[in-house]
Amino acid sequence: MRKAFEIGFGESSAELVIDKIPVQGKLPSWLEGSLIRNGPGTFNVGKQSYRHWFDGLAMLHKFSFKNGLVSYANKFLRCKAYDEARKTGRISYSEFATDPCYGIFDRIKEVFSPRITDSAKVNVAHIYNKFVALGEPSMQIEFDPETLESLGVFLYDGKPNQHITTVHPHFDQVKNEIINLTVRFGRVSSYRFMRVNNSETRDLLAKHPVKEPAYQHSFGMSPNYFILTEYPFVVNPLKVLFKAKPFIENYVWKPERGTRIFIFDRNTGKLIKQEITDAFFAFHHINAFEVDNELFFDIAAYPDPGIIESFYLDKIKSEENKLPGGEIRRYRINLNNRESVDYSRLSDEGIELPRFDYDELNMSKDYRFIYAVGISSKSKNSFYDQIVKSDIQSGLSKTWFADGCWPGEPVFVKKPSASKEDDGVILSVVLDENKGNSFLLVLDAESFSEIARAEIPQPVLFGYHGNFYGTN
Ligand code: CO
């Protein structure tokens, strides 16, 4: 097996606090704040192993920048799934694609008291005065951004066990709103757009009943609309509630349904438009905006949900197939006409984990650059091995690739005095297969050339999302 996969999908590392890690190159003096990242901290519990990249026990990582120096800390998220795994040496809670080994009596018990993971490992968010680790089951975990200590459960929407949420809430700076999409399973299932008003109260802004809910990892939001993209990858809710199989394996691909696009008015909550287009699947909406009577949304699309299959660890490790890349598509919907939806392709690069300058250009038509991971055309790798910058206006791309290096999600940090969209840096945690550890890579976002790297003494397992929080 390739060493990178043995390390990056392997065992946990130590929990460290290091004041100063060695830096090669020169960090920009304006870079001050912390990159906080989330992801699996281990794929093994005792003698048992998780099966899929989206399983595992959450670990937070923090790289802090001040005066040209970098500190590092990492910590497992303390939650029931973690505590029980440590106590019993067994996988005790259901993850995305791994269930605990059940006996018949366990399975009956499970129906009445489901043990769905609270190991929120997919993203982090700053929600009012709280920092929260985000996972798809609704139990989010608050943590202290200084110490990375876990502080307890944070819920978007009432009952903890009957729904999932996306790990990509939207932040509307103009309206000062934080919004997320939740999916409730029940006798009548529903999609629900929730506004998080503060730590305690929520408002239900829009609700749509659904017989067979689709898997939802993100949603689109423009100044006036919510965009719910319902891929035909759907589930009978009873199967989720009664846990016939691990969570994602209950979903069925029904391409004949097509992908349905629901547009809700953000002010009234009303469903104003519903379109059907050819079947596709996506994890990530990227950006959305309006021009006159047209609504546009960009999305990293796949022809089908085969990408989820490709993330089973045995598939990645056996290097059976090259990972499919998401196609950056721009969908256009005419808000006045009936049945008018089409899309154009914005880049030739296959990508995933797309980011852009969200703080300034979310919901704006003027954005031009998408940063993402991809698979190099030089390699036939079964996992992401390069960073891509796609100029969606020209269709041209820049890439960063280094043999034996496996970069994670690129996070853009803008220079405070920036006059151009890409005046800033890209931060990415890279697993170095040759040295057996990880480093934080700092790229000039404009030229995409390396300006610095800061090494830690151990590897960071392959993770998902993170954010940079400036000190100002
Ligand atoms: Co995501």
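The values are calculated or read from the model by the stated rules, or taken from the named source; none is laboratory data. Owing to the predicted nature of the structure, the values given are computational and were not obtained by experimental measurement. Here the Cβ positions follow ideal geometry from the backbone for every residue, glycine too, while neighbour counts run over all protein chains shown.
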Given the conditions (1) in a strand (DSSP E or B); (2) within 16 Å of the ligand (Cβ to nearest atom); (3) surrounded by 18 or more Cβ atoms within 10 Å (Cβ to Cβ); (4) touching a residue at least 60 places away in the same chain (Cβ under 8 Å), which single one is not true for Val167?
-> (1)
Determine which single condition Asn198 fails, assuming it passes every other condition in (1) buried (at least 18 other Cβ atoms within 10 Å of the Cβ); (2) away from the ligand (no atom under 16 Å from the Cβ); (3) at pLDDT below 95; (4) not small (Gly, Ala, Ser).
-> (1)
Can you name the residue in the range 242-279 that is in a helix (DSSP H, G or I) and in contact with a helix residue (DSSP H, G or I) (Cβ under 8 Å, 6 or more places away or on another chain) and is also surrounded by the fewest Cβ atoms within 10 Å (Cβ to Cβ) among such residues?
-> Phe242
Pick from the range 4-41 the residues that are assigned to a loop (DSSP other than H, G, I, E, B) and of a type in the set (A, V, I, L, M, F, W, C): which of them is surrounded by the fewest Cβ atoms within 10 Å (Cβ to Cβ)?
-> Ala14
Out of curiosity, is Ile328 modelled with pLDDT of 95 or more, hydrophobic (A, V, I, L, M, F, W, C), within 16 Å of the ligand (Cβ to nearest atom) and closer than 24 Å to Val235 by Cβ?
-> no
Could you tell me whether the range 406-413 includes any residue that is of a type in the set (D, E, K, R), away from the ligand (no atom under 16 Å from the Cβ) and in contact (Cβ under 8 Å) with a residue 12 or more places away in the chain?
-> no
From the option list Ile333, Ile351, single residue qualifying as under 15 Å from Ile375 (Cα atoms), part of a strand (DSSP E or B) and of a type in the set (A, V, I, L, M, F, W, C) is Ile351
Does Asn321 satisfy the criteria of being in a loop (DSSP other than H, G, I, E, B), away from the ligand (no atom under 16 Å from the Cβ) and in contact (Cβ under 8 Å) with a residue 60 or more places away in the chain?
-> yes
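Would you check if Phe131 is more than 16 Å from the ligand (Cβ to nearest atom) and closer than 30 Å to Asn74 by Cβ?
Against the criterion (more than 16 Å from the ligand (Cβ to nearest atom) and closer than 30 Å to Asn74 by Cβ), Phe131 qualifies.
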Within the range 446-462, identify whether any single residue is more than 19 Å from Val70 (Cα to Cα), surrounded by 15 or more Cβ atoms within 10 Å (Cβ to Cβ), modelled with pLDDT of 95 or more and within 21 Å of the chain's Cα centre (by Cα), and answer yes or no.
-> yes
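Going by the conditions given, is Val429 crowded, with 22+ Cβ neighbours inside 10 Å and either out of contact with any Ser or Thr (no Cβ under 8 Å at 6 or more places or on another chain) or in a loop (DSSP other than H, G, I, E, B) (or both)?
Taking the combined requirement at face value, the residue does not satisfy it.
Yes or no, residue by residue, for (1) of a type in the set (Phe, Trp, Tyr); (2) within 16 Å of the ligand (Cβ to nearest atom); (3) part of a loop (DSSP other than H, G, I, E, B); (4) closer than 25 Å to Ala58 by Cβ:
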residue: Leu151; (1), (2), (3), (4): no, no, no, yes
residue: Val174; (1), (2), (3), (4): no, no, yes, no
residue: Ile178; (1), (2), (3), (4): no, no, no, yes
residue: Leu181; (1), (2), (3), (4): no, yes, no, yes
Pairing a residue in the range 455-472 that is of a type in the set (Asp, Glu) with any residue that is not in a loop (DSSP other than H, G, I, E, B), where Cβ atoms lie under 6 Å and the two sit 6 or more apart in sequence or on different chains, gives Glu455/Phe439
